[in-house]
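What follows is a set of notes on a single structure, which appears directly below.
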Amino acid sequence: MRMRVLLGLALAFSALSWSATAASDETNIVPDVWTIIHAGTLIDEPGETPKKRQTVVVRNDRIDRVVSGYKSASALDGVADARVINLKSSYVMPGLMDAHVHLGLGGDFGKGRSAEKGRDTYRLLDVQSNAAKTLDAGFTTVRNVGSYEWAVFAMRDAVKAGEMVGPRIYTAGHTVEIGTFSSMGSGACFDVTSCRKAVRRQIDMGADWIKVYVTCSGSKPCGREFAPAVFLQDELQTVIDTAASFQIPVAAHAHGTDGINKAIRAGVRSVEHGSYNNEESRQLWIDREAFYVPTLAVQDNIIRDYETAGDDMKPVMEGFMAEHPKRVAAAHEAGVQIAAGSDAGVVPHGDNANELIWYVKIGMTEAEALRSATVMNAKLLQKEDDLGTIEAGKYADIIAMDTSPLEDIEALKDIAFVMAAGQIAKNDHERE
Ligand SMILES: [Zn+2]
């Protein structure tokens with residue numbers, strides 16, 4: 001019912017803007033674009049029973065309706081000419097979402113350039129190519145947690161305006177972190193006043209989220225199991241309260257137990273990595289209805305780098321390899337809300353599905369893994385009315401593959417069809 005009211009409102013607003021346009025130029029009315037998808041198996045809501053032989057009707061950028069059986073345009077009320085996509089032998093599901101990416105990292109253009117040499121401009125090319133890889137892999141929405149300069153903001157806006165095809169982007173600005181060095185981003189702060197200023201600066205630039213570095217990186221002693229949070233309580237609370245004053249949620253990077261627990265208590269919406277979460281953390285997550293974004297795919301890097309690592313780092317890496325997967329499993333078993341996030345940028349862009357493969361490795365069912373990257377991420381982003389499932393009124397973010405991801409999660413490594421906001425970005429079956 002709520003959805004109907006919202007849709008009604010949206011239609012009323014668009015009708016207003018349409019009438020203004022029509023008055024000035026009567027010939028400038030754009031007809032609806034209809035696309036009909038015939039889905040052999042439709043996993044419309046991961047976690048629920050899939051449906052066979054369904055027709056998904058897409059009107060412009062949204063799903064208009066889902067009906068049983070394979071229907072042609074003439075059998076559908078109000079549908080004029082429609083492009084028909086044959087996915088009768090495929091598994092069709094909502095576009096995947098990755099809640100932890102860095103689109104500005106892991107590219108060749110911005111690398112090695114200083115700010116004076118125009119790094120930001122070059123970084124935009126990195127962002128664009130990383131976003132393309134992400135979309136090609138079936139990830140139609142990302143949360144970018146930690147920007148480098150402002151290139152991701154430009155990409156977000158261009159995708160939103162329909163000027164570029166890409167994954168839908170929700171982005172944090174520069175990471176809010178303790179420090180005073182001029183080489184750090186505008187998120188660097190060192191007391192209550194400067195932390196408040198740092199958060200407001202990100203909001204002023206248009207950040208959708210605030211990312212805060214509650215502990216150090218796992219490679220440093222201040223990022224390990226028993227290291228305390230590097231923010232003092234009043235500074236951390238200031239970050240969260242300042243963001244909340246603009247209704248902006250906070251994502252906290254935290255490895256050590258103290259940082260994880262302090263962050264949840266202070267009111268963050270999600271904890272990233274959470275490598276050394278304990279029983280208390282799990283209870284806090286549940287009590288505060290906060291989310292856990294595990295970034296387990298980083299384990300692949302640790303395993304890869306272990307052999308060549310120095311003797312000082314080996315025990316640290318062993319700790320992360322032994323504990324992180326185990327503690328994600330414990331959080332899952334305890335009933336913590338897990339939203340999938342891979343840390344792409346640290347791990348390769350386009351390999352985002354490795355995160356879900358890890359979830360199955362540590363004991364999630366395939367359906368639970370798919371749910372973490374769709375329904376749970378929509379909830380994390382507070383976009384349940386627009387994203388996460390295939391149903392009337394939501395954005396037409398739709399992907400398909402040839403084998404069932406419910407039987408073999410590795411099917412996600414071979415995405416055959418991608419639609420983002422009604423635009424077909426990939427279709428390997430085009431010529432069949
Ligand atoms: Zn990260």
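The values are calculated or read from the model by the stated rules, or taken from the named source; none is laboratory data. If you're wondering where the values come from, they're calculated on a predicted model, not measured in any experiment. When we count neighbours, we look across all protein chains shown, and the Cβ atoms used for this are built from the backbone with ideal geometry, even at glycine.
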Considering region 33-52 alone, what residues qualify as being in contact with an Asp or Glu (Cβ under 9 Å, 6 or more places away or on another chain) and among the acidic types (D, E)?
-> D44, E45
Region 299-326: number of residues that are among the aliphatic types (A, V, I, L, M) and part of a loop (DSSP other than H, G, I, E, B) = 2
Can you run down the residue pairs with Cβ atoms below 6 Å, 6 or more apart or on separate chains, where the first is in region 207-222 and under 15 Å from G179 (Cα atoms) and in contact (Cβ under 8 Å) with a residue 12 or more places away in the chain and the partner is surrounded by fewer than 24 Cβ atoms within 10 Å (Cβ to Cβ) and among the charged types (D, E, K, R)?
-> Y213/E177
Go through region 283-298 and give me each residue that's crowded, with 22+ Cβ neighbours inside 10 Å and assigned to a helix (DSSP H, G or I).
-> W285, V298
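Could you tell me which of the residues G345, G350 is touching a Gly at 6+ places or on another chain (Cβ under 6 Å) and farther than 22 Å from N261 by Cα? If you could, list the steps in order and put the result at the bottom.
Details: G350 fails: touching a Gly at 6+ places or on another chain (Cβ under 6 Å).
After ruling out the rest, the residue left standing is G345.
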Can you spot a residue in region 358-372 that is away from the ligand (no atom under 16 Å from the Cβ), more than 21 Å from D414 (Cα to Cα) and among the basic types (K, R)?
-> no
Members of region 190-241 found to be among the β-branched types (V, I, T) and within 16 Å of T175 (Cβ to Cβ), listed by number = V199, I203, I210, V212, V214, T215, V230, T238, V239, I240
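Filter region 270-282 down to residues that are in a loop (DSSP other than H, G, I, E, B) and within 16 Å of the ligand (Cβ to nearest atom) and give me whichever is surrounded by the fewest Cβ atoms within 10 Å (Cβ to Cβ).
Quick first cut of region 270-282, residues in a loop (DSSP other than H, G, I, E, B) only: 274-278.
Those left that are additionally within 16 Å of the ligand (Cβ to nearest atom): 274-275.
Details: G274: 30, S275: 26.
That would be S275.
Could you check, for region 380-391, whether at least one of its residues is in a helix (DSSP H, G or I) and modelled with pLDDT of 95 or more? Walk me through how you get there before you give the answer.
Initial filter on region 380-391 (in a helix (DSSP H, G or I)): 380.
In the following step, the residues that additionally are modelled with pLDDT of 95 or more were identified as 380.
So far as region 380-391 goes, yes, one or more of its residues are in a helix (DSSP H, G or I) and modelled with pLDDT of 95 or more.
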T365 being crowded, with 24+ Cβ neighbours inside 10 Å, outside the structural domain of I63 (by TED's automatic domain parsing) and at pLDDT 95 or above = no
When you look at R83, is it within 16 Å of the ligand (Cβ to nearest atom) and either within 14 Å of V418 (Cβ to Cβ) or modelled with pLDDT of 95 or more (or both), yes or no?
-> no
Determine which member of the set V316, V298, V271 is in contact (Cβ under 8 Å) with a residue 60 or more places away in the chain and among the aliphatic types (A, V, I, L, M).
-> V316
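Residue-by-condition table, conditions (1) in contact with an Asp or Glu (Cβ under 7 Å, 6 or more places away or on another chain); (2) within 17 Å of D136 (Cα to Cα):
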residue	(1), (2)
G345	no, yes
G363	no, no
L380	no, no
T389	yes, no
D397	no, yes
I415	no, yes
H429	no, yes
Evaluation of S372 against (1) in contact (Cβ under 8 Å) with a residue 40 or more places away in the chain; (2) crowded, with 21+ Cβ neighbours inside 10 Å; (3) of a type in the set (G, A, S); (4) in contact with a Leu (Cβ under 8 Å, 6 or more places away or on another chain) (one fails), failing number | (1)
What about R113, is it of a type outside the set (S, T, N, Q), part of a loop (DSSP other than H, G, I, E, B) and more than 21 Å from V250 (Cα to Cα)?
-> yes
Across region 299-326, which residue is farthest from the ligand (Cβ to nearest atom) among those that are under 24 Å from the mean Cα position of the chain (by Cα) and surrounded by 15 or more Cβ atoms within 10 Å (Cβ to Cβ)?
-> P325
Being assigned to a loop (DSSP other than H, G, I, E, B) and either surrounded by fewer than 22 Cβ atoms within 10 Å (Cβ to Cβ) or within 13 Å of the ligand (Cβ to nearest atom) (or both) is the filter here, so list the residues in region 250-269 that pass it.
-> H255, G267
If you check R123, R113, which single one turns out to be without any contact (Cβ under 8 Å) to a residue 40 or more places away in the chain, over 14 Å from H102 (Cα atoms) and either of a type outside the set (D, E) or assigned by TED's automatic domain parsing to the domain that holds M401 (or both)?
-> R113
So, of the residues in region 402-432 that are buried (at least 22 other Cβ atoms within 10 Å of the Cβ) and in a strand (DSSP E or B), which turns out to be nearest to the chain's Cα centre (by Cα)?
-> A420
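Look through region 327-349, keep the residues that are surrounded by fewer than 19 Cβ atoms within 10 Å (Cβ to Cβ) and part of a loop (DSSP other than H, G, I, E, B), and return whichever of them is nearest to the ligand (Cβ to nearest atom).
Narrowing region 327-349 to residues surrounded by fewer than 19 Cβ atoms within 10 Å (Cβ to Cβ): 329-330, 333-335, 337, 346, 348.
Checking which are part of a loop (DSSP other than H, G, I, E, B) leaves us with 335, 346, 348.
Numbers: G335: 25, V346: 6, P348: 14 Å.
Selected residue: V346.
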Test set (1) part of a strand (DSSP E or B); (2) within 16 Å of the ligand (Cβ to nearest atom) - R65 fails condition number = (2)
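Can you tell which of R119, R123 is touching a Lys or Arg at 6+ places or on another chain (Cβ under 9 Å), surrounded by fewer than 21 Cβ atoms within 10 Å (Cβ to Cβ) and at pLDDT below 95?
Numbers: R123 fails: surrounded by fewer than 21 Cβ atoms within 10 Å (Cβ to Cβ).
Testing whether each residue is touching a Lys or Arg at 6+ places or on another chain (Cβ under 9 Å), surrounded by fewer than 21 Cβ atoms within 10 Å (Cβ to Cβ) and at pLDDT below 95 leaves just R119.
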